[in-house]
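To start, the structure under review is shown below, and the notes come after it.
The values are calculated or read from the model by the stated rules, or taken from the named source; none is laboratory data. Just so you know, these numbers come straight off a predicted model, no measurement behind them. All Cβ positions, even for glycine, are placed from backbone atoms using ideal geometry, and neighbour counts span all protein chains on display. Surface areas here come from the heavy atoms of the whole protein model, side chains and all, with no ligands, DNA or RNA. Shrake-Rupley method; radii C 1.70, N 1.55, O 1.52, S 1.80 Å.
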Amino acid sequence: MSEQNVRRVKAGVSIEDLAEDIARRGLLTSLNVRAQVDDDGYETGFYRIPAGGRRYRALELLVSRKRLAKTAGIPCIVSSGETPEAEDSLAENVRRVDLHPLDQYRAFQTLREQGIGEEEIAARFFVSAAMVRQRLRLASVSPRLLELYANEDIKLEQLMAFSITNDHARQEQVWDTISRQQVREPYYIRRLLTETTVRASDRRSVYVGIDPYETAGGFVMRDLFEQDNGGWLQDPALLEQLALEKLTADAEALKAAEGWKWVEAAFDFPYGHIAGLRRFYGHQAEMTEEEIARYGVLKAEYDELDATHAKAEEPCEETEHRLEELGSELDRFNDRPYVFDPQDVARGGVFVSLDAGGELRVERGFVRPEDEPKPETVETDAAIFRSDVARDVAGSSSTGGVSICGRAMDDQAEEEDDVIRPLSDRLVVDLTATRTVALRNALANNPAVAFIAVLHAFVLKTFYPYSSDTCLELTLQSARFGQSEGLAATVWVKEIDQRQEAWGQDLPKAPDDLWDFLIALDEVSRLALFAHCASLSLNAVIEPWNKRTRAIAHADQVARSMGFDMVAAGWTPTVDAYLGRVSKAHILHAVREAKGEESAHRIDHLKKADMAREAERLLEGSGWLPEPLRMAIREASADMPETAVGDIARNTCDLGEAEASDLAAFLAEEVNVDKATTEPHDSFQAEQQHFDAAE
């Protein structure tokens, strides 16, 4: 073995597996060797192996196990030695290319056509049988899509999603649809391929309209005996195509009308799609004098009618109708369109999507990193320092030939020279380090300013992603769960987006003005802004490769401290959220837990789709939760009573400068509750309530 072989770490196929493969089919690749020479330069008959060490060890293993004769001939390539051994070893390992999955599929397909089973193929090549089946499943994919995959226009995960059906025409139709939009996730492909009908109340149906759909050749199935809410559209692919064409046309019209640099359109954007983009906001156009006068008249009439209506003993339909009219007209004044800076519009963009009701959802004012305006060239401190030193050197050279070289400068020359030179880098570091520790100590003794400083850093990270104008070295990360379907449509994400939008409108445009803004902000607003920024960093996701046990336990503590549970938050087991994504056994288990064995028995004969829909009806209002959402409830305890949490919140809001230094002790005292003081009956009663909710 050559000492120059670069492979040191065990990786890939083991020596035992490689030996088994060589025993089966023989050595396929020669060893690369160099002759060993003595001190006089004569060959000794031995050869070093700079490339092929794993093959050599596998051959040794076969010899030791009596499966290969010691005298068996081994093909070798004798190198002339013009390049270093380490370079040859590195080249052999770096230049090799793994087999493309498509080529792997074709090879597996050839073996199967020769009568070799999937398990045997897996055993011969030391891979799992599941992987062989996955590759062979690509046989059901359209040749056109396979060609796109070979050209790297489609990802392997997307190709595997297409394999759930053998209908090549349908596959190509779905690809033509999704290739024109941003969302191309595998779950979306599977949904389009398995979708056979679409309700008339679906947002795509509402957006396109039944008449245009039927004009394009689509058919609507109606139920004449039951309320069908408009029926079912029988051609989902046609509907998807019409909706996408209309959405694209509306997006282009918006771009042309408002002058944006770019517009992206899709039915849905994954949660967190704006990550890495800077957001800017417009301002509402000022009302004219006529509009102000008109608004005042309407407001006065509305207030007068509202007061009269409130005092009336019986409701008056005419008054209520007039109040609705006045309210709608006042809303038009209050909801005036926002006006954006033309320079921002020229470099910014818009996201256009569909909301749950089939209306256009327009998100304006995003700037990509490459479109950010280039900062003006400003001479840095280092450049100024270099120019000053160069000038001083030039001046000294012309007068006396004195050279300047940092701390090696001649002391006598410096004393005699009356030129004030810049301080040395080392001295500047030492002085500013001293100031830093002194400032840290002062900040630790002023919790009010410390809170604002942390808030300032959080707001910069949340609303000004490219700014670093803070002296605090804090990191605020916000995970983007783009892989979770439907997350952006939940009520919680909508509330988060509304808060983000509202604060974005209030915050100053330039990050340089943020500190003064936060100083002038009232205490309650500061706390609300702090909570918003901090909340975006919370991550309680359990991933298959990262269980994050301690972080999840802390998330449960946070939930218990707020009295939070998913039932009260509004989560319900629907087909889309849970029941349609689990097995029939899980569905029956859920119904059995929530409604009893009899209810589960009534639906156990149904097909999965029908069972899921019926289970959703049965579980409505039951408060049942699946295990991952139930954890915080089942582990609830009395280690922090609700009153203590409320006291902490109230006292934090009212905390003055005189009390600030006692903050840590105050918090510790408030939450240090003795569990022994909790009455057993109260503990049992609280636990029983949680079990009732689950039932």
Any residue at all in the stretch 194-209 that is aliphatic (A, V, I, L, M), touching a Pro at 6+ places or on another chain (Cβ under 8 Å) and not in a helix (DSSP H, G or I)? yes
Name the residue that is modelled with the highest pLDDT, counting only residues in the stretch 423-463 that are within 38 Å of the chain's Cα centre (by Cα) and open to solvent by 70 Å² or more (accessible area, probe 1.4 Å). LYS461
Filter the strands (runs of 3 or more DSSP E) completely within the stretch 29-109 down to those with at least 1 residues that are aromatic (Phe, Trp, Tyr) and touching a strand residue (DSSP E or B) at 6+ places or on another chain (Cβ under 6 Å). 43-51
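If you go through the stretch 124-154, how many residues are of a type in the set (D, E, K, R) and either touching a strand residue (DSSP E or B) at 6+ places or on another chain (Cβ under 7 Å) or in contact (Cβ under 8 Å) with a residue 24 or more places away in the chain (or both)?
Qualifying residue count, the stretch 124-154: 4.
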Residues of the stretch 229-247 being assigned to a helix (DSSP H, G or I) and open to solvent by 60 Å² or more (accessible area, probe 1.4 Å), which ones? GLN241, GLU245, LYS246
Within the stretch 256-271, is even one residue free of Cβ contacts under 8 Å to residues at least 40 places away in the same chain and either closer than 30 Å to ARG368 by Cα or open to solvent by 70 Å² or more (accessible area, probe 1.4 Å) (or both)? yes
Looking at (1) within 20 Å of TYR338 (Cα to Cα); (2) open to solvent by 40 Å² or more (accessible area, probe 1.4 Å); (3) not in a loop (DSSP other than H, G, I, E, B), which one does TYR281 not meet, given that it meets all the others? (3)
Condition (residue is of a type in the set (Ser, Thr, Tyr) and either modelled with pLDDT under 50 or within 14 Å of GLY563 (Cα to Cα) (or both)) applied to the stretch 598-606: is it met by at least one residue? no
Within the stretch 289-339, the residues that are without any contact (Cβ under 8 Å) to a residue 24 or more places away in the chain and of a type in the set (A, V, I, L, M) are ILE292, ALA293, VAL297, ALA300, LEU305, ALA307, ALA310, ALA312, LEU323
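Let's see how each residue does on (1) open to solvent by 90 Å² or more (accessible area, probe 1.4 Å); (2) farther than 13 Å from ARG124 by Cα; (3) at pLDDT 85 or above:
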site	(1), (2), (3)
MET1	yes, yes, no
ARG7	yes, yes, no
LYS10	yes, yes, no
ILE15	no, yes, no
GLU20	no, no, yes
ALA23	no, no, yes
All-but-one check, LYS66 against (1) farther than 24 Å from LEU99 by Cα; (2) touching a residue at least 24 places away in the same chain (Cβ under 8 Å); (3) open to solvent by 80 Å² or more (accessible area, probe 1.4 Å); (4) out of contact with any Lys or Arg (no Cβ under 7 Å at 6 or more places or on another chain), failing number (2)
Which condition from (1) open to solvent by 70 Å² or more (accessible area, probe 1.4 Å); (2) not in a helix (DSSP H, G or I) is the one that GLN181 breaks? (1)
Of the residues that make up the stretch 51-65, is at least one basic (Lys, Arg), at pLDDT 90 or above and out of contact with any His (no Cβ under 7 Å at 6 or more places or on another chain)? yes
Counting only residues in the stretch 119-175 that are of a type in the set (Ser, Thr, Tyr) and assigned to a helix (DSSP H, G or I), the one surrounded by the fewest Cβ atoms within 10 Å (Cβ to Cβ) is identified as SER140
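Picking from ASP355, ASP306, ASP344, which residue would you name as being within 45 Å of the chain's Cα centre (by Cα) and surrounded by fewer than 16 Cβ atoms within 10 Å (Cβ to Cβ)?
ASP355
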Number of the condition not met by ALA293 [criteria: (1) assigned to a helix (DSSP H, G or I); (2) closer than 23 Å to LEU192 by Cα; (3) open to solvent by 30 Å² or more (accessible area, probe 1.4 Å)]: (2)
Could you look through the stretch 491-545, keep only residues that are assigned to a loop (DSSP other than H, G, I, E, B), free of Cβ contacts under 8 Å to residues at least 60 places away in the same chain and small (Gly, Ala, Ser), and pick out the one that is surrounded by the fewest Cβ atoms within 10 Å (Cβ to Cβ)? ALA510
With (1) at pLDDT 85 or above; (2) of a type in the set (A, V, I, L, M, F, W, C); (3) more than 23 Å from GLY504 (Cβ to Cβ) as the list, and PHE225 as the residue in question, which single condition is left unmet? (1)
Taking the stretch 108-118 and keeping only residues that are open to solvent by 50 Å² or more (accessible area, probe 1.4 Å) and out of contact with any helix residue (DSSP H, G or I) (no Cβ under 8 Å at 6 or more places or on another chain), one is left with THR110, GLU113, GLN114, GLY115
Which pairs have Cβ atoms under 7 Å, sit 6 or more apart or on different chains, and link a residue in the stretch 14-28 that is in contact (Cβ under 8 Å) with a residue 60 or more places away in the chain and assigned to a helix (DSSP H, G or I) to one that is open to solvent by 40 Å² or more (accessible area, probe 1.4 Å) and not polar (S, T, N, Q)? ASP17/PHE126
So if I check each of VAL558, VAL575, VAL591, VAL567, which one is part of a helix (DSSP H, G or I), closer than 30 Å to THR196 by Cα and either modelled with pLDDT of 90 or more or open to solvent by 30 Å² or more (accessible area, probe 1.4 Å) (or both)? VAL591
